[in-house]
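The values are calculated or read from the model by the stated rules, or taken from the named source; none is laboratory data. Every value quoted in this text rests on a predicted model; they were computed, and no experiment measured them. Neighbour counts run over all protein chains shown; Cβ positions are idealised from the backbone, glycine included. Calculation scope for accessible area: heavy atoms of the full protein, side chains included, ligands and nucleic acids excluded. Shrake-Rupley method; radii C 1.70, N 1.55, O 1.52, S 1.80 Å.
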Amino acid sequence: MKTTIFFRLLLATLLPLTFVFVLIISTISNIIYANGVLAAKDATQWEGSQLARQFTEKLDEMQGILEVVAQSLGDLDYRRADAHARTDRMLRRLIEADSDFLSVWYAYEPGAFPGDGRVFKTLLRRDGEIREIHDITPELLDDTARSPWYNRALASGRLYLEFM
């Protein structure tokens, strides 16, 4: 019987100690988890704000570049025989200079250049190479829903930016 009393005493002592130990470990784990969640939330918010700042800076930079190009195109003397080639070179340089520009579309109204028709061009960066593709047509430009980049800019006289 002495062993039974000893085991009962041992059990009576160890059981509360085990309970206290589990409670302490559980509390510490909860505190660590809560602090980890807060740290992750803070890090996520900081990273999100950094990404938003970088995105805003890049958009501002791109808008500035496009405004300079638009001003340069506006100052171009379209009566010159090489006006179309100058426009092409300027826009090719734009797309070559910044890897964030994947394509440039442009179109001019009839009579902008010597000749009788409109001028259309699309420059597209694909596989590191800039290619000219022919996807702009008078029908496309006449459809305001399919060509807001042209019609909104034409109506407002300002750049129209579209992000996909």
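Within the range 125-155, how many residues are closer than 26 Å to Arg93 by Cα, open to solvent by 50 Å² or more (accessible area, probe 1.4 Å) and in contact with a Leu (Cβ under 7 Å, 6 or more places away or on another chain)?
4
Considering every residue within the range 12-19, establish whether at least one is at pLDDT 90 or above and of a type in the set (Ser, Thr, Tyr).
Among the residues of the range 12-19, not one is at pLDDT 90 or above and of a type in the set (Ser, Thr, Tyr), which makes the answer no.
Residues to consider are Ser72, Ser49; find the one that is in a helix (DSSP H, G or I), open to solvent by less than 100 Å² (accessible area, probe 1.4 Å) and at pLDDT 90 or above.
Within the list Ser72, Ser49, the selection yields Ser49.
Among the acidic types (Asp, Glu), outside any helix (DSSP H, G or I) and under 28 Å from Gly128 (Cβ atoms): is that true of Asp60 in this structure?
No.
Residues of the range 118-158 being assigned to a loop (DSSP other than H, G, I, E, B) and more than 27 Å from the chain's Cα centre (by Cα), which ones?
Of everything in the range 118-158, those that are assigned to a loop (DSSP other than H, G, I, E, B) and more than 27 Å from the chain's Cα centre (by Cα) turn out to be Arg118, Thr137, Asp143.
How do the pairs read when you match residues in the range 22-33 that are of a type in the set (Ser, Thr, Tyr) with residues anywhere that are open to solvent by less than 80 Å² (accessible area, probe 1.4 Å) and modelled with pLDDT of 90 or more, using Cβ under 6 Å and keeping only pairs 6 or more apart or on different chains?
none
Would you say Ala40 is in a helix (DSSP H, G or I), free of Cβ contacts under 8 Å to residues at least 24 places away in the same chain, open to solvent by less than 90 Å² (accessible area, probe 1.4 Å) and of a type in the set (A, V, I, L, M)?
In short, yes.
Which residues, counting only those in the range 79-96, are open to solvent by 40 Å² or more (accessible area, probe 1.4 Å), over 12 Å from Leu123 (Cα atoms) and not charged (D, E, K, R)?
Ala81, His84, Ala85
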